[in-house]
Amino acid sequence: MSQAQRPEIGLFADPLSNDVLQRFMLQGAPVRGELVSLDTAWREVTQRHVFPRAVRTYLGELSAAALLLSASLKFEGSLVLQIHGDGPVALLVAECDQAGRFRATAKLREGQVCPEEADLATLVNVHGKGRCVVTLDPASGSPNRQPYQGIVPFEGDSIADMLERYMSRSEQVPTRLWLAADEGRATGMMLQRLPDEGGAAVTDADGWNRLQQLADTVTRDELLALTPDAVARRLFWQETLHAFDARTAQFACSCSRDKVVGMLRMLGREEIESIVAERGSIGVRCEYCNTAYDFDAVDGVSLFLSEPPAPTSRARH
Ligand SMILES: [Zn+2]
């Protein structure tokens, strides 16, 4: 049986869900790949907000990119990708952790129009002041709790371009990204050339260039229509890849009523009382998951009456 006729055996096992991250390595070369596919998890974002189509597309690409990059960083905590815009879009933000949990949202400037088919520069770099901020926020309990932040100016014409530059400059890991999103799916693929640490012998010196060339033939429609396994088979059917266990990705928002209470307490009693007096209640809406937290006059006062006891005094009556 020739190679072209061999039965359709997937490179990767059937994923546990349709929201999945799949890592692979190329045999004989220090090249790592990662594929991400978000279906249900991405619709958790698009169903909670009404964003113009172009905004939704770039936010989906940013979400896919966050999960791909997070999977490649040796780091415990959250990765936050932000694109600060100076045009109709003020902010695109996607945040994820290494367990594959992510959330994402966008802030638009009131009164400015986002054309349906706008390119990224039209949305975020009208005056040349757009920038991309990458934040690594260590998990609580990590030995080094200082967040790390890297900034790259808006360059190139896509989210993939901007993040590829960031990764090669700041992380010094040559990285390529292919990203796509629409209302129903956000997907992507990443290739990275790992440092040659003198471990396994490199028998395939051309592997990095070859895999990039193959990956460059993928189309947006293919990324949106195919499963990670089908993308890999379509692009790399002649290559020997080692697949790792697939991991599940999911939408998860870390907001809670307790966190909102903590934020309101920081505003101070006077401010809270004046808002309650003026409006009768306080409403706070999570920008990510759109959950509304409402506090009426009684809640507003009790924010201050039920302050948590100081660590040394066990109970106060
Ligand atoms: Zn939330």
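Consider the range 101-121 and keep the residues that are away from the ligand (no atom under 16 Å from the Cβ) and outside any loop (DSSP other than H, G, I, E, B). The one that is surrounded by the most Cβ atoms within 10 Å (Cβ to Cβ) is L120. Filtering the range 61-99 to residues that are part of a strand (DSSP E or B), surrounded by 20 or more Cβ atoms within 10 Å (Cβ to Cβ) and over 11 Å from the mean Cα position of the chain (by Cα) leaves G77, I83, V89.
Residues in the range 152-193 that are of a type in the set (S, T, N, Q) and touching a residue at least 24 places away in the same chain (Cβ under 8 Å): S158, S170, T175, T187, Q192.
Restricting attention to the range 33-48 and to residues that are surrounded by fewer than 21 Cβ atoms within 10 Å (Cβ to Cβ) and touching a residue at least 12 places away in the same chain (Cβ under 8 Å), the residue that is farthest from A201 (Cα to Cα) turns out to be R48. Residues in the range 133-148 that are in contact with a Gly (Cβ under 9 Å, 6 or more places away or on another chain) and surrounded by 13 or more Cβ atoms within 10 Å (Cβ to Cβ) were compared, and the one that is farthest from G87 (Cα to Cα) is P138.
Being at pLDDT 95 or above and either over 30 Å from R32 (Cα atoms) or hydrophobic (A, V, I, L, M, F, W, C) (or both) holds for only one residue in F75, F102, and it is F102. For the range 231-243, filtered to residues that are more than 21 Å from the chain's Cα centre (by Cα) and under 20 Å from L67 (Cβ atoms), the residue that is surrounded by the most Cβ atoms within 10 Å (Cβ to Cβ) is A232. Among the conditions (1) crowded, with 24+ Cβ neighbours inside 10 Å; (2) under 27 Å from P195 (Cα atoms), Y58 misses just one, which is (2). Checking the stated criteria, G184 turns out not to satisfy the condition of being closer than 29 Å to N209 by Cα and in a loop (DSSP other than H, G, I, E, B).
Residue-by-condition table, conditions (1) β-branched (V, I, T); (2) within 30 Å of L303 (Cβ to Cβ); (3) within 16 Å of the ligand (Cβ to nearest atom):
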| site | (1), (2), (3) |
| --- | --- |
| L224 | no, no, no |
| P228 | no, no, no |
| R233 | no, no, no |
| F236 | no, no, no |
| F244 | no, no, no |
| F251 | no, yes, yes |
| L264 | no, yes, yes |
| V276 | yes, yes, no |
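The values are calculated or read from the model by the stated rules, or taken from the named source; none is laboratory data. Here the structure is a predicted model, which means the values were calculated and not measured. Glycine gets a Cβ as well: all are built from the backbone with ideal geometry, and neighbour counts include every protein chain shown.
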